[in-house]
Amino acid sequence: MRLTLNAIAEKVGGRVKGDGSVEITGVAKIENAREGEITFLANPKYVRYLKDAKASAVIVSADIQEAGNLPLLVVPNPYYAFLKAVLLFNPQGAPLEKGVHSQAIVGEDTQVGEDVAIGPFVVIGKRCRIGRGSILMPLVWIGDDVVVGEDCLLYPHSSLREKIVLGNRVILHCGVVVGSDGFGYAPEGGRYHKIPQIGTVVIEDDVEIGTNSTIDRATLGETRIGRGVKLDNLIHVGHNCTIGEDTVMAAQTGLSGSTHIGKGVRVGGQVGFAGHLIVGDGATIGAQSGVSKTVPPGVMVSGYPAQPHQQELRTEASLRKLPEMLKEWKELKVRLEELEKHIGKT
Amino acid sequence: MRLTLNAIAEKVGGRVKGDGSVEITGVAKIENAREGEITFLANPKYVRYLKDAKASAVIVSADIQEAGNLPLLVVPNPYYAFLKAVLLFNPQGAPLEKGVHSQAIVGEDTQVGEDVAIGPFVVIGKRCRIGRGSILMPLVWIGDDVVVGEDCLLYPHSSLREKIVLGNRVILHCGVVVGSDGFGYAPEGGRYHKIPQIGTVVIEDDVEIGTNSTIDRATLGETRIGRGVKLDNLIHVGHNCTIGEDTVMAAQTGLSGSTHIGKGVRVGGQVGFAGHLIVGDGATIGAQSGVSKTVPPGVMVSGYPAQPHQQELRTEASLRKLPEMLKEWKELKVRLEELEKHIGKT
Amino acid sequence: MRLTLNAIAEKVGGRVKGDGSVEITGVAKIENAREGEITFLANPKYVRYLKDAKASAVIVSADIQEAGNLPLLVVPNPYYAFLKAVLLFNPQGAPLEKGVHSQAIVGEDTQVGEDVAIGPFVVIGKRCRIGRGSILMPLVWIGDDVVVGEDCLLYPHSSLREKIVLGNRVILHCGVVVGSDGFGYAPEGGRYHKIPQIGTVVIEDDVEIGTNSTIDRATLGETRIGRGVKLDNLIHVGHNCTIGEDTVMAAQTGLSGSTHIGKGVRVGGQVGFAGHLIVGDGATIGAQSGVSKTVPPGVMVSGYPAQPHQQELRTEASLRKLPEMLKEWKELKVRLEELEKHIGKT
């Protein structure tokens, strides 16, 4: 594909500054861009990289006034405009042809909507509903009484246990499991007895769940993942948890049972949440934190156990000085003792 | 289903206090229970929740004397009685019809017991034995020479590598892998050379392994998971580990090779164990701990590196005071110096 | 199989010391070895274990001069020689018969090399190339335009997304996913918008990736895993990461996007790397570390946040003394105050 910068501006939005007739053939990151490609710069801090950039045009925000001799496309949100440029040059084809593959198994009384694609060796249980335009890649498994909304994309080897509900435009990556049993046992007579996990999971619209992540069903009631939530790979969500709308979590984070995460929360990787916690809307949780109590809305916490981030930074800074302090400590005690002796004599 | 409280008491055990003729139609957690439902209260600490409870009856322990006007079912272990009530109102049907699906592949010389259910696109190797009443859900894979005991339940996409042995009533959730190669290489000539992993894994009776967890086979000899062990999701058990009977581990915990966990041990989530360790019977390991040395029986440890829990709590408390202490530290040194100067003069 | 120690020496290399005519029937670890078996001792520290060893011969390094009455096989690298002995007594058969199973689905224009084995319910996309001698176990999924080199081994339920490239002799264990979407979203209007992940993943020769590990494709460009890299189970590698040759990582470690790990790096389990980092060649990262900045070549770091290992050990040692220090702290302040008062009087 070949588009002038002016043509890109028409489709992506923004104002061209410089030669709008330059021809663009693709998109690339600033460090890899070659002649003919358009790149982007979201952070004015990195404006120096533009000097060596081989790109033919740059998407920038209004606070970047110039970029050597490169023509600019000035937009309010360069990263979002870049996304649109990527799509422009790389139209996403459907990963599977429409229709039900002859080697797929669809259970009794299951309704399959229009324009659905179901790949080979997919197994769907009884009484399910698969919404219009959804794609079930090969080797997907779906239990009985499951609802899959419209335009969902389920990658190979993902699993939906019985009675799960997915909204529209949900993406489940390979190996994702939704609706596995919560981890619950009643101790009696020195042994653990399994508590039947008869609740469900509801995944709302526009949720994306990363590879090999697991979302446990509720013991009773429901586990719920709110609209627009994005979960990275290898995340564990325990039974009866809820995650609010537009919350994002990085890889390998884990939520113990019955923990409630608010809306618009940002969670780093490898974070652990204890059970029965509440994390307020708009909170931020630093990577590898161990969250053991309620986090108020809008607050950033980090560390183990997690505390307000500024406090954690102070703790870490103090900790680095601790070994030296301990050395001085002994000396100080000796000096104090000598003073006391001296004074005792006087 | 509709049962009087008296009828429930007959089946679940316990003594009715109040109106035993009240009709119950289901079970629910105390915060969700509606009229007609029975709930439970395991911890007297939460007795205040009963005030707002809309339930029609409550399962309690003997130390709870009253619950507003609600009829009680008094039992020795409310959580265990609740489990039985859940089963009473939600009888668990088999998740798969008996018989071998026409689209399953069963290898030569493999024996399939009575009442076994094998779903579509299951692949079983040669010379296996699948015990009476076991259920192999769709898309399960089993290698050669594997033994699966009686009444086991293998969820979709679980894998058993060659020569693995499962006891009776073992539950493997979706994506569980038992018998993958241990992580072992001999460095030689600046490269790593794979050590063949020719040992096995033995999973004893009544073990349950959570979604996408992985149990590596032994290099030589066996990895062994003891009777009644319950593992949560995304857990890693390295080669040649052993886990004693009735031990439970929360999600995302990992065991390095050749580590031996005792019986009745409770392990929190995201714990890491170094290799070649011994953890004594009845020990407790706090969430996110890094266990780098032997843990004696019955002891609770936590932190990174893990230490006795009381000590860890003291360390954490001291740590919170450290920044303030450092501020005073400088002042204190100045004061001491001034004293010394003063005394030097006298 | 039955081989004299002399015959083993001929095949494995090394010098026999003692009775070379002793007959050996198998290999075992020192604590499990029975009569007739050969074992090994890599570390002179454990030479005392030889006293109780029931083995009939021992592979040792030159710095071990004797082992009771046991015949020795003296070699430069006992662990590597042991590996060869294991293979001698346990020749590794192919886990799958050659040929394409009638129940496998191979897409249009896909080339399958000689001596390839493709199991039942395998799905391969269009325009792929599967190299000579590679083995695709049952239930493997491969997207369009994928290249698999020669003599690769893909275990059941592993997935390769579109356009991925594998070198030769790559081993992917069960549930491994290569090429899943990187975790990238552009925030706009209070919601997250998915950045299309149109880059790829290149896995070089002799890489082994552990069970249920996930390697994300690049946003643009490539994620690259260097020759000879060995990854343990449940590892997450984010988009656009690179891992240098002969680097090894233990289980449950995670790399955020665009982090670059050098060659010959050793990484413990449950380590977290922030994004956009560089870790130098030959570095060592302690288990459970949180790496938040560049690590120079050859350096060992550990802790949270990671710091040079010796410093971390000092920090940990100081930390253990902190509670006691705090107790003394108050006393010390009182003593100082008293001195000041006293001096004020004089």
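The values are calculated or read from the model by the stated rules, or taken from the named source; none is laboratory data. Keep in mind that what you see is a predicted model, and the values were worked out from it rather than measured. Positions of Cβ are generated from backbone atoms using ideal geometry, with glycine treated the same way; all protein chains shown enter the neighbour counts.
Table: residues versus (1) at positive phi; (2) touching a His at 6+ places or on another chain (Cβ under 8 Å); (3) among the aliphatic types (A, V, I, L, M); (4) touching a residue at least 40 places away in the same chain (Cβ under 8 Å).
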residue: B:Met249; (1), (2), (3), (4): no, no, yes, no
residue: B:Gly254; (1), (2), (3), (4): no, yes, no, no
residue: B:Gly257; (1), (2), (3), (4): no, yes, no, yes
residue: B:Gly262; (1), (2), (3), (4): no, no, no, no
residue: B:Gly268; (1), (2), (3), (4): no, no, no, no
residue: B:Gly272; (1), (2), (3), (4): no, no, no, no
residue: B:Ala283; (1), (2), (3), (4): no, no, yes, no
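Among the acidic types (Asp, Glu) and within 24 Å of C:Val16 (Cβ to Cβ): which single residue out of C:Asp63, C:Asp109 fits that description?
Values: C:Asp109 fails: within 24 Å of C:Val16 (Cβ to Cβ).
None of the other options fit; the residue is C:Asp63.
Which one of these does C:Arg132 not meet: (1) touching a strand residue (DSSP E or B) at 6+ places or on another chain (Cβ under 8 Å); (2) farther than 19 Å from C:Gln103 by Cβ; (3) more than 9 Å from every other protein chain (Cβ to nearest Cβ)?
(1)
Would you be able to say whether some residue in region C:112-120 is within 18 Å of C:Val146 (Cα to Cα), surrounded by fewer than 18 Cβ atoms within 10 Å (Cβ to Cβ) and not basic (Lys, Arg)? Full working, then the answer.
Step one: filter region C:112-120 for residues within 18 Å of C:Val146 (Cα to Cα), giving C:112-114, C:116-119.
So of that shortlist, the ones also surrounded by fewer than 18 Cβ atoms within 10 Å (Cβ to Cβ) come out as C:113-114.
Next, from what is left, pick out any that are not basic (Lys, Arg): C:113-114.
There is at least one residue in region C:112-120 that is within 18 Å of C:Val146 (Cα to Cα), surrounded by fewer than 18 Cβ atoms within 10 Å (Cβ to Cβ) and not basic (Lys, Arg).
Tell me, please, whether a residue that is touching a Gly at 6+ places or on another chain (Cβ under 6 Å), in a strand (DSSP E or B) and not small (Gly, Ala, Ser) can be found in region B:296-315.
No, region B:296-315 contains no residue that is touching a Gly at 6+ places or on another chain (Cβ under 6 Å), in a strand (DSSP E or B) and not small (Gly, Ala, Ser).
So that you can scan it fast, the table gives a plain yes or no per residue for (1) without any contact (Cβ under 8 Å) to a residue 60 or more places away in the chain; (2) at the interface with another protein chain (Cβ under 8 Å from one of its Cβ atoms); (3) small (Gly, Ala, Ser):
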position: B:Ser158; (1), (2), (3): yes, no, yes
position: B:Lys163; (1), (2), (3): yes, no, no
position: B:Leu166; (1), (2), (3): yes, no, no
position: B:His193; (1), (2), (3): yes, yes, no
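Consider B:Arg320 carefully, then state whether it is in contact with a helix residue (DSSP H, G or I) (Cβ under 9 Å, 6 or more places away or on another chain) and basic (Lys, Arg).
Working: in contact with a helix residue (DSSP H, G or I) (Cβ under 9 Å, 6 or more places away or on another chain): yes; basic (Lys, Arg): yes.
The answer is yes for B:Arg320.
In region A:44-60, what residues are over 18 Å from A:Gly20 (Cβ atoms) and within 29 Å of the chain's Cα centre (by Cα)?
A:Pro44, A:Lys45, A:Tyr46, A:Val47, A:Tyr49, listed by residue number.
Would you confirm whether or not region C:242-250 contains a residue that is within 13 Å of chain A (Cβ to nearest Cβ), among the small types (Gly, Ala, Ser) and surrounded by fewer than 24 Cβ atoms within 10 Å (Cβ to Cβ)?
no
Hey, does region A:317-331 have a residue that's farther than 26 Å from B:Val334 by Cβ and either within 13 Å of chain C (Cβ to nearest Cβ) or at pLDDT 90 or above (or both)?
Filtering region A:317-331 down to residues farther than 26 Å from B:Val334 by Cβ leaves none.
The answer is no, given that none of the residues of region A:317-331 is farther than 26 Å from B:Val334 by Cβ and either within 13 Å of chain C (Cβ to nearest Cβ) or at pLDDT 90 or above (or both).
In region A:164-177, what residues are assigned to a loop (DSSP other than H, G, I, E, B) and either buried (at least 24 other Cβ atoms within 10 Å of the Cβ) or touching a Gly at 6+ places or on another chain (Cβ under 7 Å) (or both)? Reasoning before the result, please.
Filtering region A:164-177 for residues assigned to a loop (DSSP other than H, G, I, E, B) gives A:164, A:167-170, A:173-176.
Those that are assigned to a loop (DSSP other than H, G, I, E, B) and either buried (at least 24 other Cβ atoms within 10 Å of the Cβ) or touching a Gly at 6+ places or on another chain (Cβ under 7 Å) (or both): A:Ile164, A:Gly167, A:Asn168, A:Val170, A:His173, A:Cys174, A:Gly175, A:Val176.
Give me a count of the residues in region B:57-66 that are surrounded by fewer than 21 Cβ atoms within 10 Å (Cβ to Cβ) and farther than 25 Å from A:Gly189 by Cα. Show your work before the answer.
As a first pass, look at region B:57-66 and keep what is surrounded by fewer than 21 Cβ atoms within 10 Å (Cβ to Cβ): B:61-66.
Next, only the ones that are farther than 25 Å from A:Gly189 by Cα stay: B:66.
Residues meeting the conditions: 1.
Residues to consider are C:Leu41, C:Leu83, C:Leu72; find the one that is more than 30 Å from the chain's Cα centre (by Cα), crowded, with 21+ Cβ neighbours inside 10 Å and either within 11 Å of chain B (Cβ to nearest Cβ) or not hydroxyl-bearing (Ser, Thr, Tyr) (or both). Give the steps one after another, and end with the answer.
Details: C:Leu41 fails: more than 30 Å from the chain's Cα centre (by Cα); C:Leu83 fails: more than 30 Å from the chain's Cα centre (by Cα).
Being more than 30 Å from the chain's Cα centre (by Cα), crowded, with 21+ Cβ neighbours inside 10 Å and either within 11 Å of chain B (Cβ to nearest Cβ) or not hydroxyl-bearing (Ser, Thr, Tyr) (or both) holds for just one of C:Leu41, C:Leu83, C:Leu72, which is C:Leu72.
Could you run through region B:312-346 and say how many residues are of a type in the set (Gly, Ala, Ser) and surrounded by fewer than 12 Cβ atoms within 10 Å (Cβ to Cβ)? Can you show your working first?
Pass one, region B:312-346, residues of a type in the set (Gly, Ala, Ser): B:317-318, B:344.
If we keep only those that are surrounded by fewer than 12 Cβ atoms within 10 Å (Cβ to Cβ) as well, we get B:344.
Final tally of qualifying residues: 1.
Return the residues of region B:131-184 that are under 22 Å from A:Phe121 (Cβ atoms) and aromatic (Phe, Trp, Tyr); say none if nothing qualifies.
Matches in region B:131-184: B:Trp141, B:Tyr155.
List the number of the failed condition for C:Val291; all other conditions in (1) at the interface with chain A (Cβ under 9 Å from one of its Cβ atoms); (2) touching a Phe, Trp or Tyr at 6+ places or on another chain (Cβ under 7 Å) hold.
(1)
The rows are residues; the columns are (1) within 24 Å of C:Gly93 (Cα to Cα); (2) touching an Asp or Glu at 6+ places or on another chain (Cβ under 8 Å).
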residue: B:Val112; (1), (2): no, no
residue: B:Val122; (1), (2): yes, no
residue: B:Cys128; (1), (2): yes, yes
residue: B:Pro138; (1), (2): no, no
residue: B:Asp151; (1), (2): no, no
residue: B:Asn168; (1), (2): no, yes
residue: B:Asp181; (1), (2): yes, yes
residue: B:Tyr185; (1), (2): yes, no
residue: B:Ala218; (1), (2): yes, no
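Yes or no: A:Gly254 surrounded by 21 or more Cβ atoms within 10 Å (Cβ to Cβ), within 9 Å of another protein chain (Cβ to nearest Cβ) and touching a helix residue (DSSP H, G or I) at 6+ places or on another chain (Cβ under 7 Å)? Before you say what the answer is, go through the steps one by one.
Numbers: surrounded by 21 or more Cβ atoms within 10 Å (Cβ to Cβ): yes; within 9 Å of another protein chain (Cβ to nearest Cβ): yes; touching a helix residue (DSSP H, G or I) at 6+ places or on another chain (Cβ under 7 Å): no.
For A:Gly254, the condition - surrounded by 21 or more Cβ atoms within 10 Å (Cβ to Cβ), within 9 Å of another protein chain (Cβ to nearest Cβ) and touching a helix residue (DSSP H, G or I) at 6+ places or on another chain (Cβ under 7 Å) - is not met.
Return the residues of region B:247-272 that are within 10 Å of the chain's Cα centre (by Cα) and either outside any loop (DSSP other than H, G, I, E, B) or at pLDDT below 95 (or both); say none if nothing qualifies.
If the condition is that a residue be within 10 Å of the chain's Cα centre (by Cα) and either outside any loop (DSSP other than H, G, I, E, B) or at pLDDT below 95 (or both), then B:Val248, B:Met249, B:Arg266, B:Val267 are the ones that fit.
Check region B:200-211 and report whether any residue there is facing chain C (nearest Cβ under 9 Å) and either part of a loop (DSSP other than H, G, I, E, B) or of a type outside the set (Ser, Thr, Tyr) (or both). Lay out the reasoning, then the answer.
So in region B:200-211, the residues facing chain C (nearest Cβ under 9 Å) come out as none.
No, region B:200-211 has no match at all.
Can you pull out every residue in region B:15-41 that is in contact with a helix residue (DSSP H, G or I) (Cβ under 6 Å, 6 or more places away or on another chain), part of a loop (DSSP other than H, G, I, E, B) and in contact (Cβ under 8 Å) with a residue 40 or more places away in the chain?
Within region B:15-41, B:Gly20, B:Val22 qualify.
For region B:306-326, check the following and say yes or no: at least one residue is touching a Phe, Trp or Tyr at 6+ places or on another chain (Cβ under 7 Å) and either closer than 24 Å to C:Glu312 by Cβ or hydrophobic (A, V, I, L, M, F, W, C) (or both). Spell out how you get there, then give the answer.
Keep residues of region B:306-326 that are touching a Phe, Trp or Tyr at 6+ places or on another chain (Cβ under 7 Å), which gives B:325.
After this cut, where a residue has to be either closer than 24 Å to C:Glu312 by Cβ or hydrophobic (A, V, I, L, M, F, W, C) (or both) as well, the list is B:325.
Looking for residues that are touching a Phe, Trp or Tyr at 6+ places or on another chain (Cβ under 7 Å) and either closer than 24 Å to C:Glu312 by Cβ or hydrophobic (A, V, I, L, M, F, W, C) (or both), one finds at least one in region B:306-326, hence yes.
Please pick out the residue among C:Leu326, C:Leu313, C:Leu319 that is under 30 Å from A:Ile343 (Cβ atoms) and among the hydrophobic types (A, V, I, L, M, F, W, C). Before you say what the answer is, go through the steps one by one.
Working: C:Leu313 fails: under 30 Å from A:Ile343 (Cβ atoms); C:Leu319 fails: under 30 Å from A:Ile343 (Cβ atoms).
Result: C:Leu326 is the single residue among C:Leu326, C:Leu313, C:Leu319 that is under 30 Å from A:Ile343 (Cβ atoms) and among the hydrophobic types (A, V, I, L, M, F, W, C).
Could you tell me how many of the residues in region A:41-71 are in contact with a strand residue (DSSP E or B) (Cβ under 6 Å, 6 or more places away or on another chain) and among the acidic types (Asp, Glu)?
0
For region A:42-100, which positions are in a helix (DSSP H, G or I) and either without any contact (Cβ under 8 Å) to a residue 24 or more places away in the chain or more than 30 Å from A:Ser134 (Cα to Cα) (or both)? Break it down stepwise before answering.
First pass over region A:42-100, keeping only residues in a helix (DSSP H, G or I): A:44-51, A:78-89.
Result: A:Pro44, A:Lys45, A:Tyr46, A:Val47, A:Arg48, A:Tyr49, A:Leu50, A:Lys51, A:Pro78, A:Tyr80, A:Leu83, A:Leu87.
For residues that are away from chain A (no Cβ under 11 Å) and assigned to a strand (DSSP E or B), scanning just region C:212-237, find the one that is surrounded by the most Cβ atoms within 10 Å (Cβ to Cβ).
Among them, the one singled out is C:Thr223.
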